[in-house]
Amino acid sequence: MAVVEMHKLTLVGLNSEKDRILEQLMAIGVVQVNDLDLAEAAVFAQWSHLVTKENTEGIVEVLDSQIAQAGQALARLAKYEGDKKPMFAPKRAVSLDEFAGMAQEQLKYEQMVADILRLNRDQQELQNQKNKILNLLATLEPWQPLGVPLDFTGTKYTRVTFGVLPPSTNLERVQDALAAQVPASQLTVVSADRYQHYVMLVCHKQYQAEAEVVLRKFGFAPVAFGGLSGTADANIQRAKAEAAVLEKEYQEKETLIAAFAAHKTKLELYYDYLAGQREKALALTNLAASESVFLIDGWVPKALSDDVKAKLTKEFTCIIETREPAADEEFPVLLQNNSLGASVEGITAMYGLPNCREFDPNVIMAPFFIGFFGLMLGDGGYGLIMAAGGLWALKKLALDENQRKYAKLVLYCGISTMFWGLMFGSWFGIAYFAERPLWLNPVAESERLLAWSLLFGVIHMFVGIAVRGVNHIRNGKYIDVLWDVVAWYVLFTGFILYVLPYVPGLNIADYTPYVDLGKKMMLVGAVVVVLTQGRASKSIIGKLISGIGSLYDLVSFLSDVLSYSRLLALGLATAVIGSIVNELAALGGLTNIIKILAFAVIFVIGHGINFGINALGAYVHSSRLQYIEFFGKFYQGGGKPFQPLRYKTKYTNIKN
């Protein structure tokens, strides 16, 4: 339940075994390979002319292209998956030998991917041709009743023009205008739809211009058929025949693609194999190598270092040295916690991992985060939904490690919310339960809950200060515990006693003894703080100024305590909105089936919105209390995550 201890690992092996050693490290998956900087590494200073680093940029680019193509091929085969996979379907388990065996079949599946993509491109080209024909059909269908060839332009003395008029055009007025102004003309309506009228103008060639001028006043636009000959009907039949041929070719290629679906699992393995090769190629750039040997510099968990060393030296010709990190040497952070602590590791990671040498706060933070979340959401009914959802996800879904942690967090937060729902008598805002709380009703006793919220905040921050002391002890700074922990406890406790008369909801007959004790504690604490908080400064004046300036933390403490009033505010919001939803739902009564259905709809939607908004608010504000008020008392952060060299697979799970 802490930051995992690490060993520095140095491996020297033969170049002839380099690939196999890297593959074994990836299979083990517990060694982080550091990027060796030859310019800064003192050990290489006198051997710089013999040591180089491999450039695998070209290999990575090729692998990236192959991975992208394999992904496209698998996406193309997805429709032939049969039964639809669930969202959290488990990865298919494969042995390490089966995974490594893909090296012998790589060319086969590379060609298979190329064939799938080639057929897919052919289909796209066929579809493009078919779309052109379909567009042509859509253009010609309104002209199908026309028996005149589309390329017919007239006779020796007449001219024929095809065109369209807007759908709102009054055709009788158009024909009357033509008859009056261009008697030697005839307008024939071929067809009409909601978009436009399709017409043919026949007129004496001497009056063609005058006829078109008349028609343009009504929105006439001529139509050209792009070199088509014959009637519209003949062109339509010919186009349909061409479309049928293209569709047949398309389906033939679809059948060929479908045949590859039988190899889908192997193609998935091929995809993951390429991804593994890419990881190995990237790892090669981190190594230093001479003509005959190579060197790996990395980290391995201390508990596993002996096993890793024994396994590698048994199988390969290599030398491995492991050691404790130096006092000033930063090592990567790997967290190891129980179920409760692990559930909030993601919350901490969003703020930043702990420093490699500080106390891991997750186990201590977890009860506060989960407890505050439940208090702010505060409705047992909502908690029941969360707990049931989290438990179902853990039991029924194939979740990875991080997903299981979040599912457990949902479960724990649901249980916490149910607990506070019992304490407050809050279950879907139902008034019957609100009148019978096990502890208090937040709406009726808000001042009392505010006092408790502030007390929870004080406890939370005092625990944070205690963790600061734990970090001092871990670093051997035992005397600093007195100045940075005990002195602040005395000062803050005195301040709390001094302001007790102003805290709402307290029933204390005489505050005088508490106030007097608080004054004395504040004085003692302030003197110690002023004399010790500037001890890092070299000059006496600097020490004194820094010490006096640190007293401002008393104001920050008050501000931090008041921040916990949000526990009351969000808890009240959930309860009040829930009761309002119930009142709105019951306004029409429950006297018939329609009113009962209306009640159910309003109840479900209203509480769904209330649950969603306030659950999000509880998550955000509980996180904020950890990040600002709690972590602000001790947290250093800045840790870099432990990133072991391993196979990062998408479709398969390698069993070693």
If you scan region 453-481, which residues turn out to be out of contact with any helix residue (DSSP H, G or I) (no Cβ under 8 Å at 6 or more places or on another chain) and part of a helix (DSSP H, G or I)?
-> LEU455, ILE459, VAL470, ASN471, ARG474
Output the residues belonging to region 255-288 that are over 29 Å from the mean Cα position of the chain (by Cα) and open to solvent by less than 20 Å² (accessible area, probe 1.4 Å).
-> ILE257, LEU284, LEU287, ALA288
Residue tally, condition of a type outside the set (Gly, Ala, Ser) and either under 17 Å from MET386 (Cα atoms) or open to solvent by less than 80 Å² (accessible area, probe 1.4 Å) (or both), over region 581-600 = 6
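May I ask you to say which residue of GLY549, GLY525, GLY542 is buried (at least 19 other Cβ atoms within 10 Å of the Cβ) and farther than 30 Å from GLY429 by Cα?
Values: GLY549 fails: buried (at least 19 other Cβ atoms within 10 Å of the Cβ); GLY542 fails: buried (at least 19 other Cβ atoms within 10 Å of the Cβ).
Selected residue: GLY525, the only one of GLY549, GLY525, GLY542 that is buried (at least 19 other Cβ atoms within 10 Å of the Cβ) and farther than 30 Å from GLY429 by Cα.
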Which condition breaks for THR265 when tested against (1) in a strand (DSSP E or B); (2) at pLDDT below 95?
-> (1)
State the number of residues belonging to region 428-483 that are open to solvent by less than 20 Å² (accessible area, probe 1.4 Å) and under 21 Å from PRO354 (Cβ atoms).
-> 7
Would you mind stating whether ARG624 is open to solvent by less than 70 Å² (accessible area, probe 1.4 Å), basic (Lys, Arg) and part of a helix (DSSP H, G or I)?
-> no
Can you name the condition, by its number, that TYR382 falls short on among (1) among the aromatic types (Phe, Trp, Tyr); (2) closer than 26 Å to PRO504 by Cβ; (3) open to solvent by less than 10 Å² (accessible area, probe 1.4 Å)?
-> (2)
Is it true that some residue in region 279-296 is under 16 Å from ILE28 (Cα atoms), in contact with a strand residue (DSSP E or B) (Cβ under 8 Å, 6 or more places away or on another chain), assigned to a strand (DSSP E or B) and not aromatic (Phe, Trp, Tyr)?
-> yes
For the subset of region 95-143 comprising residues that are of a type in the set (Val, Ile, Thr) and open to solvent by less than 40 Å² (accessible area, probe 1.4 Å), which member is farthest from GLN237 (Cα to Cα)?
-> VAL113
Is it the case that LEU391 is open to solvent by 20 Å² or more (accessible area, probe 1.4 Å), part of a helix (DSSP H, G or I) and either out of contact with any His (no Cβ under 9 Å at 6 or more places or on another chain) or more than 23 Å from ILE577 (Cα to Cα) (or both)?
-> yes
Residue hits (region 176-191; closer than 19 Å to VAL148 by Cβ and without any contact (Cβ under 8 Å) to a residue 40 or more places away in the chain) are LEU178, ALA184, SER185, GLN186, LEU187, THR188, VAL189
Residue count for region 145-172, restricted to those that are crowded, with 17+ Cβ neighbours inside 10 Å and within 23 Å of ALA239 (Cα to Cα) = 5
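For region 495-605, please list each of the helices (runs of 4 or more DSSP H) lying entirely inside it that holds at least 3 residues being polar (S, T, N, Q) and within 37 Å of the chain's Cα centre (by Cα).
Numbers: elements: 512-532, 540-549, 553-563, 565-585.
Here the list reads 553-563, 565-585.
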Give the residues of region 289-342 that are crowded, with 16+ Cβ neighbours inside 10 Å and among the β-branched types (Val, Ile, Thr), sorted by residue number.
-> VAL293, ILE296, VAL300, VAL308, ILE320, THR322, VAL333
In region 56-97, what count of residues is obtained for those that are outside any helix (DSSP H, G or I), at pLDDT 90 or above and not small (Gly, Ala, Ser)?
-> 1
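The values are calculated or read from the model by the stated rules, or taken from the named source; none is laboratory data. On a predicted model such as this, the values are computed, not experimentally measured, just so you know. Cβ sites come from the backbone with ideal geometry, for glycine too, and all protein chains shown count toward neighbours. Keep in mind that these areas ignore ligands, DNA and RNA; they rest on the heavy atoms of the full protein, side chains included. Shrake-Rupley method; radii C 1.70, N 1.55, O 1.52, S 1.80 Å.
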